[in-house]
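*Asks:* Attaching a single structure in structure tokens format; questions to follow.
The values are calculated or read from the model by the stated rules, or taken from the named source; none is laboratory data. Remember, it's a predicted structure, so these values are computed and weren't measured experimentally. When we count neighbours, we look across all protein chains shown, and the Cβ atoms used for this are built from the backbone with ideal geometry, even at glycine. Keep in mind that these areas ignore ligands, DNA and RNA; they rest on the heavy atoms of the full protein, side chains included. Shrake-Rupley method; radii C 1.70, N 1.55, O 1.52, S 1.80 Å.
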Amino acid sequence: MRDRAQTVIIGAGIVGVSAAYHLGKMGVGDVLVIDQGPLFATGGSTSHAPGIVFQINGSRTMCRLAQDSVAVYDGIDLNGERCWYGHGGLEVATTPERMEELRRRQGYARSYGIDGTELLTPAEAAARSPLLDPRSILGALWVPSDGAAKAVKIVTRLAREAEAQGVAFEGGVTVTGFDTEGGRVRAVETDHGRVECERVLICAGFWGPTVGALAGVPIPLVAIQHQLVWTDPVTELGSLQGDTWMQQPVVRHPDLSLYFRQREDHFGVGNYRHEPVVTPQARIRRPGDGPMPSLMPWIPEDFDECESEAARLFPALAGSMRPSDPSRSLNGMFSFTPDGGSVVGESASVRGVWVCEAVWVTHAAGMARQVVEWMVEGEPSYDLAEADANRFYPFQTSAPYVIERGKRQYREVYDIIHPLQQPTEPRNLRLTPFFARHQALGAEFVTGAGWERPQWFRTNRPSVKGVTHGWARRSGWAARGWSPEVGAEHLATRSHAALFDITPFAKFDVAGPDALAFLERIFANRIDRPVGSIVYSSALTPNGGIRLDLTVTRKDEELFRVVTGGGSGQHDLAWIRAQVRDGERVRITERTGSLFALGLWGPRARDVLAQVTDADVSDEAFPYLTARYVNVGEVSPVWAQRISYAGELGWELYGQFAMGDRIWDLLWRAGREHGLVAAGGGAFDSLRLEKGYRLWGQDIHTEHDPLEAGLGFAVRWDKDFQGRAALEAIRDAGGPPERLACLTFDDARTVVMGKEPIWHEGRVVSYVTSAAYGYSVGRGIAYGYLPAGLAVTGTPMEVEYFGVRHAATVSNEPLWDPKGERLKA
Ligand code: FAD
């Protein structure tokens, strides 16, 4: 075996080999792929996956990765043997609710570029899948480009291609450790010796946590067992001619968590309909001691219900399932993460250690290309924030959390998930100091980044009484996770004042003699401003995409407070840390867990604050976008930043976590005479969208630059910053071809949720990045990127929601207070 390679890939399953293939294609052939098992039926998950690919996904990134993977698999052969069968996919519905869900999924397909989908009647579905009993379903969604892959054969072929580019493969070699120095990997230790390298890519499937631990890199996933039965030969399939490996579509029956595929003269039936069975890392076997390590003993009772339901859908399968026969059934394992996303990217703790984990066959070739681009070119072409290996807070990598949430992901594989649906466990992990006050006010809690956050307060219900606006009543999908109190809290913020608990915002202090130069380099806006200045800025990728979007406040000459969203906190922190160069005198300290944060916003916010502070909070003494220490009663010091995500006069107030109760009570008492209410996340989201504030991860991310996102005002061309050259090129070429635009619905009752397709003159031109109801403007709002020629005020559009197209119009934005007068009052 070689004792040196620029890149070592651990794992020769479909992910590791796809990465080797893409590296080879990019001309990076100094690569060694190591696997503990025999090549290429290694004994990992890939070795026995039925290879089914359903591409539609609520995540735009995952949906495109599936399409990219199909593009790689399609046309691959091994010694003339075909490896991809794109005979289409059917998702069937047996309940009216599922039929609605299929309409929504067809919307995703249109939003994200999957062509040719159709909603079928039962008879039409049975015409495409001849053994399907049309009486057993209400309808189906047809995706013509879905299909199934011969996963191991694809791996073998991709490995050959990689070998032709110089990539080496070694089977029967186990990685036993890593040699790291100064926080950087130097070599991989194996049972066949040491391999020096510059970087390692861990593609160890469900062994990931064990391999990651050898390098000190947490990989939060859990191995869960999953059943698959191959039926006996079915008479009706006996007459198939030609290449019989697959001639019929793959079928998913999500209402009972089953899937089906024809293979030669029999069917495969996969089953998620059982309690998740976790295999702890310590109990996972090594190759060589018994059957393939990814196979576990069959659990008969988990299959019982599945058998009868499978036969109801496909009567020809009745009596053909003999799961107790080990040659016809398997209980395999694959990876589930706490949020269902993959785990991809370079570790923030050990440089040079890369990870590409928890990836299905469906996404493997596509995801592998992204991670390889990231390794070699410095950035992937897709935004991978939802898969970022550094997105997890430390508690989210703890075993109990990973197991509980991983099991939930397994249970919900086929569930209809509302975007605001909340997990029941584990809850109450991170509580802000205002939690008890929120409970007393009847908060409806949602959880994000482990925090319990109020979405609205039931005590605000009385202010809804008498409201005659159409928005006071909602039905269907948009009514879930919503209550009219959201509208009442929004309007109270605009008319009087509201207290928002923004403690979950992530906060870091960046300090040191080189802090200013460092921040000036990584952010596109001017950071060098007087002490007490607040700067809104993005940090850019080398291609000019928006990597971060946050505020930086100068607390002192060499001390800066960075505030960003709670959901992106770990991602942002890891990225900022990674930008510090050797020798740069910069200290970065996480402050999120030690500081409370409140948003006091609304036209009466000054009246409320003035009543409890000795500080002069007049506009002259404390202007917009400035910050300073004040007291709030005896709560001191309180760091007050005059800025508002609601687009109103007001302050963000930061102080010692332990004094949270006190400041809440003081503000609450002072606020009553000014109409102060407590307000939650529902109001927050609609206030921000009326004001046109972009949400990172939805409206803006690495695939969009500040110019197309309408954030050019926060770019300073009179300084140098990362990504400047690319942004300059876009600017000088006449500006970006697309623009983020604001649509309002023509019918004041229409409200959508986000991700829906946007139509213009009979074709889909984009999708909705953010949506909410604007209670002050009396209209549903949707944002989306439009071709520059269409992003013109007054252009008619349509937004498809559950199969119905709703008229909308491109509007001037922001809809609320376009001159920003209320902020500066
Ligand atoms: P693996 O294929 O498990 O490869 C990881 C490799 O790492 C292994 O070969 C292992 O030997 C090696 N390794 C681990 N530790 C070490 C070490 N210390 N030293 C050296 N080598 C090491 N997905 C779909 O998209 N469609 C499906 O229809 C589908 N059906 C499935 C059905 C079943 C029953 C199962 C179990 C999974 C299914 N999946 C399906 C999931 C899919 O199979 C996996 O997500 C995918 O194969 C994972 O690929 P991988 O390369 O990451 O992991």
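*Asks:* For the range 678-699, name all the residues that are among the hydrophobic types (A, V, I, L, M, F, W, C) and surrounded by fewer than 24 Cβ atoms within 10 Å (Cβ to Cβ).
*Replies:* Within the range 678-699, LEU695, TRP696 qualify.
*Asks:* Search the range 25-56 for residues being within 21 Å of VAL372 (Cβ to Cβ) and surrounded by fewer than 22 Cβ atoms within 10 Å (Cβ to Cβ), and hand back the single one that is modelled with the lowest pLDDT.
*Replies:* Only one residue fits best here, namely GLY29.
*Asks:* Another one. Could you list all residues from the range 1-23 that are within 7 Å of the ligand (Cβ to nearest atom) and part of a loop (DSSP other than H, G, I, E, B)?
*Replies:* Correct list: GLY11, ALA12, GLY13.
*Asks:* Condition (residue is at pLDDT 95 or above, under 29 Å from the mean Cα position of the chain (by Cα) and assigned to a helix (DSSP H, G or I)) applied to the range 668-682: is it met by at least one residue?
*Replies:* Yes, the conditions are met somewhere in the range 668-682.
*Asks:* Looking only at the range 279-290, count how many residues are in contact with a strand residue (DSSP E or B) (Cβ under 9 Å, 6 or more places away or on another chain) and either within 9 Å of GLY43 (Cα to Cα) or assigned to a loop (DSSP other than H, G, I, E, B) (or both).
*Replies:* Residues in the range 279-290 being in contact with a strand residue (DSSP E or B) (Cβ under 9 Å, 6 or more places away or on another chain) and either within 9 Å of GLY43 (Cα to Cα) or assigned to a loop (DSSP other than H, G, I, E, B) (or both): 2 in total.
*Asks:* Looking at THR46, THR61, which one is within 11 Å of the ligand (Cβ to nearest atom), on the phi < 0 side of the Ramachandran plot and either out of contact with any helix residue (DSSP H, G or I) (no Cβ under 8 Å at 6 or more places or on another chain) or outside any loop (DSSP other than H, G, I, E, B) (or both)?
*Replies:* Unique residue meeting the criteria: THR46.
*Asks:* I want to confirm something. Restricting to the range 761-776 and keeping residues that are buried (at least 17 other Cβ atoms within 10 Å of the Cβ) and over 27 Å from the mean Cα position of the chain (by Cα), which single residue is nearest to ILE114 (Cα to Cα)?
*Replies:* TYR775
*Asks:* Got a sec? Which of ARG606, ARG587 is surrounded by fewer than 22 Cβ atoms within 10 Å (Cβ to Cβ), of a type outside the set (Val, Ile, Thr) and closer than 30 Å to GLN722 by Cβ?
*Replies:* Exactly one of ARG606, ARG587 is surrounded by fewer than 22 Cβ atoms within 10 Å (Cβ to Cβ), of a type outside the set (Val, Ile, Thr) and closer than 30 Å to GLN722 by Cβ, namely ARG587.
*Asks:* If GLY270 satisfies all but one of (1) at positive phi; (2) within 15 Å of the ligand (Cβ to nearest atom), what's the number of the condition it fails?
*Replies:* (1)
*Asks:* Just checking, does the range 24-33 include any residue being more than 30 Å from ARG103 (Cβ to Cβ), in a strand (DSSP E or B) and within 13 Å of the ligand (Cβ to nearest atom)?
*Replies:* So far as the range 24-33 goes, yes, one or more of its residues are more than 30 Å from ARG103 (Cβ to Cβ), in a strand (DSSP E or B) and within 13 Å of the ligand (Cβ to nearest atom).
*Asks:* Applying the selection to the range 330-353, what residues are part of a loop (DSSP other than H, G, I, E, B) and either farther than 21 Å from ALA19 by Cβ or more than 12 Å from the ligand (Cβ to nearest atom) (or both)?
*Replies:* PRO338, ASP339, GLY340, GLY341, SER347, ALA348, SER349, VAL350, GLY352 - these are the residues of the range 330-353 that are part of a loop (DSSP other than H, G, I, E, B) and either farther than 21 Å from ALA19 by Cβ or more than 12 Å from the ligand (Cβ to nearest atom) (or both).
*Asks:* On to the next question. I need every pair where a residue in the range 561-587 that is among the acidic types (Asp, Glu) has its Cβ under 6 Å from the Cβ of a residue that is part of a loop (DSSP other than H, G, I, E, B), sequence separation at least 6 or different chains.
*Replies:* If the second residue must be part of a loop (DSSP other than H, G, I, E, B), the pairs left are GLU584/ASP514.
*Asks:* Has the range 200-213 got any residue that is away from the ligand (no atom under 15 Å from the Cβ) and either at pLDDT 95 or above or assigned to a loop (DSSP other than H, G, I, E, B) (or both)?
*Replies:* no
*Asks:* Look at ALA162 and say whether it is of a type in the set (A, V, I, L, M, F, W, C), open to solvent by less than 20 Å² (accessible area, probe 1.4 Å) and farther than 20 Å from VAL15 by Cα.
*Replies:* For ALA162, the condition - of a type in the set (A, V, I, L, M, F, W, C), open to solvent by less than 20 Å² (accessible area, probe 1.4 Å) and farther than 20 Å from VAL15 by Cα - is not met.
*Asks:* Here's a follow-up. Inspect all residues belonging to the range 69-80 and state whether any of them is touching a helix residue (DSSP H, G or I) at 6+ places or on another chain (Cβ under 9 Å), within 9 Å of the ligand (Cβ to nearest atom) and either in contact (Cβ under 8 Å) with a residue 60 or more places away in the chain or not in a loop (DSSP other than H, G, I, E, B) (or both).
*Replies:* Within the range 69-80, one or more residues are touching a helix residue (DSSP H, G or I) at 6+ places or on another chain (Cβ under 9 Å), within 9 Å of the ligand (Cβ to nearest atom) and either in contact (Cβ under 8 Å) with a residue 60 or more places away in the chain or not in a loop (DSSP other than H, G, I, E, B) (or both).
*Asks:* Now for a separate question. Report, by residue number, each residue of the range 173-185 that is of a type outside the set (S, T, N, Q), more than 9 Å from the ligand (Cβ to nearest atom) and touching a residue at least 24 places away in the same chain (Cβ under 8 Å).
*Replies:* Passing the criteria: GLY177, PHE178, GLY183, ARG184, VAL185.
*Asks:* Any idea how many residues of the range 187-232 are without any contact (Cβ under 8 Å) to a residue 12 or more places away in the chain and either more than 19 Å from VAL8 (Cα to Cα) or under 25 Å from the mean Cα position of the chain (by Cα) (or both)?
*Replies:* The total comes to 1.
*Asks:* Here is a further query. Taking PRO291 and the conditions (1) of a type outside the set (Ser, Thr, Tyr); (2) without any contact (Cβ under 8 Å) to a residue 12 or more places away in the chain; (3) within 12 Å of the ligand (Cβ to nearest atom), which numbered condition does it fall short on, given that it satisfies the others?
*Replies:* Of (1) of a type outside the set (Ser, Thr, Tyr); (2) without any contact (Cβ under 8 Å) to a residue 12 or more places away in the chain; (3) within 12 Å of the ligand (Cβ to nearest atom), only one is false for PRO291: (3).
*Asks:* Considering only residues that are surrounded by fewer than 20 Cβ atoms within 10 Å (Cβ to Cβ) and either part of a loop (DSSP other than H, G, I, E, B) or in contact with a helix residue (DSSP H, G or I) (Cβ under 7 Å, 6 or more places away or on another chain) (or both), which ones fall in the range 568-584?
*Replies:* GLN579, VAL580, ARG581, ASP582, GLY583, GLU584
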